[in-house]
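Chemist: Below is one structure. I have some questions about it.
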Amino acid sequence: MKLRTRGASGASVRENDGKCAMFRPENISAFAACYASPAAGRDAGVSPLHGRLDGLPPIHVQVGAEELLRDDAVRLHAQLQAVGGSSELVVYDGVFHGWHMLDGPVPEARQALE
């Protein structure tokens, strides 16, 4: 059975299955549907991977190594650089998707926000 994983692409969806505290391949489409309708999934306003990336200011991309979405962040960084943009990618070990929201209890959150 092929899993439909709207909202994530790349090997990290499979490689990080069971490691990611936020998502599983079988529920990531449900999480994506909470954010936007399935029809909007390829809209640049929903995912920058589907928009024009040229002419943007410098971008700082952060992602957890164990996230299912890791490869999407890596792909965004590569696409930004491919169009001549300035992009920095930082991959954090041992953090979950959205760790930035826990500034205080999660030391990596303060580090990432600074």
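The values are calculated or read from the model by the stated rules, or taken from the named source; none is laboratory data. In this text, all values refer to a predicted model and were calculated from it rather than measured experimentally. FYI the Cβ positions are ideal-geometry reconstructions off the backbone, even for glycines, and counts take in every protein chain you see.
Chemist: Among the residues of region 58-75, what is the count of those that are surrounded by 20 or more Cβ atoms within 10 Å (Cβ to Cβ), hydrophobic (A, V, I, L, M, F, W, C) and either free of Cβ contacts under 8 Å to residues at least 40 places away in the same chain or closer than 13 Å to S47 by Cβ (or both)?
Modeler: 3
Chemist: Any idea which of (1) at positive phi; (2) small (G, A, S); (3) touching a residue at least 60 places away in the same chain (Cβ under 8 Å) is the one A21 doesn't satisfy?
Modeler: It is condition (1) that A21 fails.
Chemist: A follow-up question, please. Spot the failing condition for R110; the list is (1) over 25 Å from A32 (Cα atoms); (2) at pLDDT 95 or above; (3) part of a helix (DSSP H, G or I), and only one is missed.
Modeler: Checking R110 against (1) over 25 Å from A32 (Cα atoms); (2) at pLDDT 95 or above; (3) part of a helix (DSSP H, G or I), the one that fails is (2).
Chemist: Since W99 meets every condition but one in (1) in contact with a strand residue (DSSP E or B) (Cβ under 7 Å, 6 or more places away or on another chain); (2) at pLDDT 95 or above, which condition does it not meet?
Modeler: (2)
Chemist: Turning to a different aspect of this structure: How many residues are surrounded by fewer than 17 Cβ atoms within 10 Å (Cβ to Cβ), modelled with pLDDT under 85 and farther than 16 Å from V63 by Cβ if we restrict to region 1-29?
Modeler: Matching residues across region 1-29 total 5.
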